[in-house]
1. Yes or no: residue 131 open to solvent by less than 20 Å² (accessible area, probe 1.4 Å) and assigned to a loop (DSSP other than H, G, I, E, B)?
2. With respect to residue 182, determine if the residue is surrounded by 19 or more Cβ atoms within 10 Å (Cβ to Cβ), touching a strand residue (DSSP E or B) at 6+ places or on another chain (Cβ under 8 Å) and under 30 Å from residue 57 (Cα atoms).
3. Answer yes or no: is there a residue in region 8-30 that is closer than 17 Å to residue 185 by Cα and of a type in the set (Asp, Glu).
4. Given 140, 206, 210, which one is at pLDDT below 95 and either part of a helix (DSSP H, G or I) or small (Gly, Ala, Ser) (or both)?
5. Return the residues of region 100-114 that are open to solvent by less than 40 Å² (accessible area, probe 1.4 Å) and not β-branched (Val, Ile, Thr); say none if nothing qualifies.
6. In this structure, is residue 97 under 22 Å from residue 17 (Cβ atoms), of a type in the set (Val, Ile, Thr), open to solvent by 70 Å² or more (accessible area, probe 1.4 Å) and at pLDDT 95 or above?
7. Would you tally the residues in region 29-61 being part of a loop (DSSP other than H, G, I, E, B) and on the phi < 0 side of the Ramachandran plot?
8. Within region 43-58, does at least one residue satisfy the condition of being acidic (Asp, Glu) and in contact with a strand residue (DSSP E or B) (Cβ under 6 Å, 6 or more places away or on another chain)?
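The values are calculated or read from the model by the stated rules, or taken from the named source; none is laboratory data. No experiment lies behind these values; they were computed from the predicted model shown. Cβ placement follows ideal geometry from the backbone for every residue including glycine, while neighbour counts extend to all protein chains displayed. Note: accessible area is taken over every heavy atom of the protein model, side chains too, but ligands, DNA and RNA are not part of it. Shrake-Rupley method; radii C 1.70, N 1.55, O 1.52, S 1.80 Å.
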Amino acid sequence: MVKLDIFADPSCPWCYVGKAYLDRALEQAPDHPFTVEWHPFQLNPALPKEGVDRAAYLEGIFGNKDAAIAAHVELQKHADQAGVTFNFDAMTTTPNTLDAHRLVFWAGIEGRQTAAMSALLKAYWTEGRDIGSAEVLCDIADSIGLDAAVIARLLKSDSDVESILKREAHSREMGVRSVPTYIVAGQHAIAGAQPTELWSKVINDINAMIATEA
């Protein structure tokens, strides 16, 4: 198997689009060589724990409403191609995602890391839920087969906070500056939400190389 490390944040729309493109390529190639691991990367680590008002946040990022609308139009084009649904009207909060990353880590212990990231992305971007909320995170945990009561206790503690922050700092030291970022076989970095066609080519090339070496 070939390791595919993915650096992502569930509050990043391009991570949702990029995952959908990648998922389609993996579905089309059931013999793909990848084993996937998700790594924490907060887009906005300085946000307060309770998050911030999304409208005010967007105005701060884009400067004005028209620029924000233009960015969303471009994003929607890719969403349509990738087959994901953005429900911008339902979104009221831009969350702090540290606890969401902790959930992904805990899910990974149970072999449900990808399921957790999928559920977080859908909850935020399609359902408009606040994924910085412990209640929402516990509900997501339950939906993917984790013990919500255990997750609730963990979220009330500082469990694995230091570990997540150290891993994120290491990623930045490695040169990761944006998400999604993919690293294939520990060597080749691919930045951004790449189309299914690119992933299909990568899969075919790796499979061909493996067949040659066999």
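1. Answer is yes for this residue.
2. Details: surrounded by 19 or more Cβ atoms within 10 Å (Cβ to Cβ): yes; touching a strand residue (DSSP E or B) at 6+ places or on another chain (Cβ under 8 Å): yes; under 30 Å from residue 57 (Cα atoms): yes.
So residue 182 fits the description; yes.
3. no
4. Testing whether each residue is at pLDDT below 95 and either part of a helix (DSSP H, G or I) or small (Gly, Ala, Ser) (or both) leaves just 210.
5. Those that are open to solvent by less than 40 Å² (accessible area, probe 1.4 Å) and not β-branched (Val, Ile, Thr): 100, 101, 102, 103, 106, 107, 108, 113.
6. When the stated conditions are applied, residue 97 does not pass them.
7. Result for region 29-61: 15.
8. Checked against the condition, which is being acidic (Asp, Glu) and in contact with a strand residue (DSSP E or B) (Cβ under 6 Å, 6 or more places away or on another chain), region 43-58 yields no hits at all.
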